1. Looking at region 68-187, what % of the alpha carbon pairs are farther apart than 24 Å?
2. Report in % the part of the accessible area of the chain that belongs to carbon and sulfur, leaving out ligands and nucleic acids; probe 1.4 Å.
3. Extension gain Glu146-Ala187, at 0.36 nm per residue separation less the Cα-Cα distance, in nm?
4. Pick out which of Ala170, Ala71, Ala15 has the largest mean-square fluctuation in a Gaussian network model of the chain, springs linking Cα atoms closer than 10 Å.
5. Just from the alpha-carbon atoms, what are the Rg and Dmax of region 87-141 in angstroms?
6. In what order, largest first, do Leu66, Leu24 sit by accessible area if the probe radius is 1.4 Å?
7. Determine how large the accessible area of Arg54 is when every protein chain is in place; take a 1.4 Å probe and give Å² rounded to the nearest 10.
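The values are calculated or read from the model by the stated rules, or taken from the named source; none is laboratory data. Source: prediction; values computed, not measured. Surface areas here come from the heavy atoms of the whole protein model, side chains and all, with no ligands, DNA or RNA. Shrake-Rupley method; radii C 1.70, N 1.55, O 1.52, S 1.80 Å.
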Amino acid sequence: ENALLWRHTPRRLEAEALRDAMLLASGRLDLSRPNRGESLALHAGYPGPERITRRGVYLPVPRGSLNDLFAVFDFPPPDLVVGRRENTSVPTQALFLLNSPFVMREAEFLALRLMAEEAETEGRIRRAWRLTLGREPSAEETSRAEEFLAGWLSEYEAAGHPPEFRERDAWASLAQSLFAGAEFRYAE
């Protein structure tokens, strides 16, 4: 019955936490708290949550214009009083993580971060797992990630993509697959 402290039912991260986790992994999360003047300015000239890197709890939520990520991941409607959030797991959530411009952009920033912080492929893979999943990859996961990257690079080369973007795009694709995985979306 999950009554003991050593075990509990995995739960999906709420929309704000999921967004913050992607921004944290990419190295772009702004942990500072906005002051009152900044909060009012955010509301007045709201650029959209995908352009703001502050924590999700500080985002303004204008009525009638719910962010796509929030809408897909059960954020309550801003024009209603809701005492308890829904917590669904539906296929559109995984599809959103594979197709969202916000997720793709954060995956690209994570790829750039990995390429700047680690020189070797295996080190980058370990760093990607630590930043996204909070653990070391297994030997099998490392091997599969190396195969994935090699396959991606060879396909890009065969298609004639510019060489300066090949490596970044391969790492961004790996990062996005980590973001889209169930292990990233659920707290154990």
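1. 35 percent
2. The value for the chain is 53 percent carbon and sulfur by accessible area.
3. This chain segment gains 12.1 nm when fully extended.
4. Ala71
5. Considering region 87-141 through its Cα atoms, Rg and Dmax are 13.5, 40 Å.
6. Putting Leu66, Leu24 in descending order of accessible area: Leu24, Leu66.
7. Rounded to the nearest 10, that gives 40 Å².
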